[in-house]
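A.B. asks: Quick one: the structure is below, and I'll ask about it shortly.
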Amino acid sequence: MNELVPLLIRWYETVRKPLPWRESPTPYHVWISEIMLQQTRIEAVIPYYRRFLAELPTVADLAAVPDDRLMKLWEGLGYYSRARNLKKAAQVIVSDCNGELPGTADELRRLPGIGDYTAGAIASIAFGQPEPAVDGNVLRVISRITASSEDIALEKTKTNVRERLRAVYPVGREAGLLTEALMELGETVCLPNTAPRCLGCPVCGHCQAFATRTTDCYPVKSGKKARRIEERTVLLVKCGNRYALRKRPDAGILAGMWEFPNAAGHLSGKEAVEKCKVSGKVAEIRPLGTAKHIFSHLEWHMIGYEVHVIAEDGTLTWANADEIRTDYAVPTAFRYFTGLLE
Ligand code: SF4
């Protein structure tokens, strides 16, 4: 493992791409970018990152941002609990740490939404600490290099890999470079679900899977649980040029975001109107087609209806299409229906 470190760092310095969060890798910038990059592609993150930092340039700004505005800035990135945890952690940093992120992985891990991986990334990249950041990419790379049959779905394997890496981690600028080098190798060379590009790999001379032509045997990973399927009926309730919205509960999936009235099951228009308690005299109901949204553990299979009412129901919030697009954080799960607004 010792011999891999200089090879990886030297290689990374030749392939490193300019990205907005690398221009000035302050602890705050590294933190925001690492949280946004979880489960999300780099190209998708860049515009969100720029907009977020332009509006919330400091930890104090993030701690004070109204929830609705935060959700609007995050709209489309998904996994909204990440945004809520960012704000909670920012409030702790302001109240307990003078507005500065703490500099060790142990202290970082105590903040909401910061797990082992993110703590390692911030500690090594922003503070030069000898702390690895082990995610699926790094697990795959290390299990191929060492031809390890340990199941990477197990927590114990992650801990072992973290400890093996920690033992050879450099300090200072090289700590961050090694973290980024391992991530880059996993994302661009030692690829998942396809043949790795071993001939362009800086550590192929040290890779046991490559030497034994067994790269397709690693990593070993036990199966995932199948996603649960939930049927839902979504209503675009319309009065004049305004549509009805309601706020989701403060806990659970998509907590605190705005949505169109909807109910469990594939219902007839009349049943859905009753279940969603739409009042205001229904003039017309027409079907709107179907949509599907995939969450990590769940799929929503949706059908929809447009429901014309002749008076606005005071228990719902009403807005026209432009207002919904600019002022209300409606999650991507409802993208199909948002696209039908006139
Ligand atoms: Fe991955 Fe191939 Fe490099 Fe080994 S040689 S680390 S399998 S890309």
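The values are calculated or read from the model by the stated rules, or taken from the named source; none is laboratory data. Note that this is a predicted model, so its numbers are computed, not measured. All Cβ positions, even for glycine, are placed from backbone atoms using ideal geometry, and neighbour counts span all protein chains on display.
A.B. asks: Kindly indicate whether ALA283 is at pLDDT below 90, aliphatic (A, V, I, L, M), in a strand (DSSP E or B) and more than 16 Å from the ligand (Cβ to nearest atom). Spell out how you get there, then give the answer.
C.D. replies: Working: at pLDDT below 90: yes; aliphatic (A, V, I, L, M): yes; in a strand (DSSP E or B): yes; more than 16 Å from the ligand (Cβ to nearest atom): yes.
For ALA283, the condition - at pLDDT below 90, aliphatic (A, V, I, L, M), in a strand (DSSP E or B) and more than 16 Å from the ligand (Cβ to nearest atom) - is met.
A.B. asks: Turning to a different aspect of this structure: When only residues in the range 100-134 that are acidic (Asp, Glu) and assigned to a helix (DSSP H, G or I) count, which is surrounded by the fewest Cβ atoms within 10 Å (Cβ to Cβ)?
C.D. replies: Within the range 100-134, the subset acidic (Asp, Glu) is 100, 106-107, 116, 131.
Next cut, assigned to a helix (DSSP H, G or I) only: 106-107, 116.
Numbers: ASP106: 10, GLU107: 14, ASP116: 19.
Ranking the qualifying residues of the range 100-134, first place goes to ASP106.
A.B. asks: Take ALA60 and decide whether it is crowded, with 20+ Cβ neighbours inside 10 Å, more than 16 Å from the ligand (Cβ to nearest atom) and over 25 Å from TYR12 (Cβ atoms). Reasoning before the result, please.
C.D. replies: Details: crowded, with 20+ Cβ neighbours inside 10 Å: no; more than 16 Å from the ligand (Cβ to nearest atom): yes; over 25 Å from TYR12 (Cβ atoms): yes.
Considered against the rule, which asks whether it is crowded, with 20+ Cβ neighbours inside 10 Å, more than 16 Å from the ligand (Cβ to nearest atom) and over 25 Å from TYR12 (Cβ atoms), ALA60 comes out as no.
A.B. asks: Within the range 213-225, identify whether any single residue is among the aliphatic types (A, V, I, L, M), over 25 Å from GLU34 (Cα atoms) and within 16 Å of the ligand (Cβ to nearest atom), and answer yes or no.
C.D. replies: To start, the set of residues in the range 213-225 that are among the aliphatic types (A, V, I, L, M) comprises 220.
This time we only want the ones that are over 25 Å from GLU34 (Cα atoms), so: 220.
Checking which are within 16 Å of the ligand (Cβ to nearest atom) leaves us with 220.
Yes: one or more hits.
A.B. asks: Here's another thing I want to ask about it. Scan the range 204-216 and report the pairs whose first residue is within 18 Å of LEU185 (Cβ to Cβ) and part of a helix (DSSP H, G or I) and whose second residue is of a type in the set (D, E, K, R) and at pLDDT 95 or above, with Cβ atoms within less than 7 Å and a gap of 6+ or a chain change.
C.D. replies: ALA209/ARG144; THR215/ARG144
A.B. asks: Within the range 187-203, how many residues are more than 6 Å from the ligand (Cβ to nearest atom), in contact (Cβ under 8 Å) with a residue 24 or more places away in the chain and closer than 15 Å to TRP11 by Cβ?
C.D. replies: 3
A.B. asks: Considering only the range 246-269, I want to know if a residue exists there that is more than 30 Å from the chain's Cα centre (by Cα) and either touching a residue at least 24 places away in the same chain (Cβ under 8 Å) or within 16 Å of the ligand (Cβ to nearest atom) (or both).
C.D. replies: Here is the first cut: in the range 246-269, the ones more than 30 Å from the chain's Cα centre (by Cα) are 267-269.
In the following step, the residues that additionally are either touching a residue at least 24 places away in the same chain (Cβ under 8 Å) or within 16 Å of the ligand (Cβ to nearest atom) (or both) were identified as 267, 269.
Yes.
A.B. asks: Looking at the range 159-179 only, could you name the residues that are within 16 Å of the ligand (Cβ to nearest atom), surrounded by fewer than 22 Cβ atoms within 10 Å (Cβ to Cβ) and part of a helix (DSSP H, G or I)?
C.D. replies: Residues of the range 159-179 within 16 Å of the ligand (Cβ to nearest atom): 161, 164-165, 168, 178.
Then drop every residue that is not surrounded by fewer than 22 Cβ atoms within 10 Å (Cβ to Cβ), which leaves 161, 164, 168.
VAL161, ARG164 - these are the residues of the range 159-179 that are within 16 Å of the ligand (Cβ to nearest atom), surrounded by fewer than 22 Cβ atoms within 10 Å (Cβ to Cβ) and part of a helix (DSSP H, G or I).
A.B. asks: Of (1) in a loop (DSSP other than H, G, I, E, B); (2) in contact (Cβ under 8 Å) with a residue 24 or more places away in the chain; (3) not polar (S, T, N, Q), LYS238 satisfies all except one. Which?
C.D. replies: (1)
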